[in-house]
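Undergrad: This structure is in structure tokens; I'll ask about it shortly.
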């Protein structure tokens, strides 16, 4: 599938990671019909883990017993729906957050658990899990019942893409397409790559996941249905 084939109107556009950048760009380009989906604000280094998560329909995802704090120094910031949270008006430093790993799926939470002095990291876990379960249920419902969906992923290899197509074909009823962006150091523009997959378009892009120019180019012509 080439990039031109991805142009069109979709009932939903979903991010499959690897970080927050696709979801941020969807917000900017008015391609988010719903509030966040379960993979919008996590970090999933490997699509193979996301494939396993989708295949398992998120069973056991981010269960407290499987979560480990990887960094408690505040390397990331606490956010709600992708927006950094500030402690008080007039203060310009957002609240720092723990970096927490789901050891079963190898997916990181970077923005969900605020660092609160003299409190355990998991003090906010109940509200986090309630929100996550809501996002999962809605995501699975939309994936199952939407007539047309575009899934977007930053970083994947060929075998992962093959597996993703197979997995999505099992959990969707409607038409779906996949757009994969693979960053290449030193690349100046966007170049298409033919992996010979019927539902997946792959493009090599400059190694800057925050580049509006790149996202404007690859998502040009992609809209949501009315």
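No lab work stands behind these numbers, since they all come straight from the coordinates. Everything numeric in this text was worked out from a predicted model, so none of it was measured. When we count neighbours, we look across all protein chains shown, and the Cβ atoms used for this are built from the backbone with ideal geometry, even at glycine.
Undergrad: At residue 148 and residue 166, where each label point lies 7 Å from the Cα along Cα→Cβ, what is the point-to-point distance in nanometres?
TA: 2.8 nm
Undergrad: Starting from the Cα-Cα distance between residue 71 and residue 128, subtract it from 0.36 nm times their residue separation and give me the gain in nm to one decimal. Write out the running numbers ahead of the final one.
TA: Working: separation 57, 0.36 × 57 = 20.52 nm, distance 1.83 nm.
So the chain would gain 18.7 nm between residue 71 and residue 128.
Undergrad: For region 96-226, what is the convex hull volume of the alpha-carbon atoms per residue, in Å³?
TA: On the way: hull volume 21.7 nm³, N = 131.
That works out to 166 Å³ per residue.
Undergrad: Given a Förster distance of 35 angstrom, what is the FRET efficiency for residue 197 paired with residue 59, based on the Cβ-Cβ distance and rounded to 0.05?
TA: 0.85
Undergrad: May I pose another question? Taking the 0 to 90 degree range and rounding to the nearest ten, how far is the long axis of helix 158-171 tilted relative to the main principal axis of the chain, both from C-alpha atoms?
TA: For helix 158-171, the angle is close to 80 degrees.
Undergrad: Based on the Cβ-Cβ distance of residue 224 and residue 4, what FRET efficiency does E = 1/(1 + (r/R0)^6) give at R0 = 22 Å, to the nearest 0.05?
TA: Result of the calculation: an efficiency of 0.70.
Undergrad: Next question, about the same structure. May I ask for the equivalent-ellipsoid semi-axes of the chain, computed as the square root of five times each C-alpha gyration tensor eigenvalue and listed largest first in whole Å?
TA: Numbers: eigenvalues 174, 79, 57 Å².
Each semi-axis is the square root of five times an eigenvalue, giving 29, 20, 17 Å.
Undergrad: Continuing with the same structure: Restricting to the chain, what percent of DSSP beta bridges are antiparallel, rounded to 5?
TA: If I count the DSSP bridges inside the chain, around 45 percent turn out antiparallel.
Undergrad: Please arrange 78, 125 by how many other C-beta atoms lie within 10 Å of their C-beta, fewest to most.
TA: 125, 78
Undergrad: OK, next. Using 7 Å Cα-to-Cβ label points, what is the residue 80/residue 187 separation (nm, one decimal)?
TA: Placing both labels 7 Å along Cα→Cβ, they lie 3.8 nm apart.
Undergrad: For the chain, take the longest principal axis of its alpha carbons; what is the angle in degrees between that and the long axis of helix 125-145, to the nearest 10 within 0 to 90?
TA: 10 degrees
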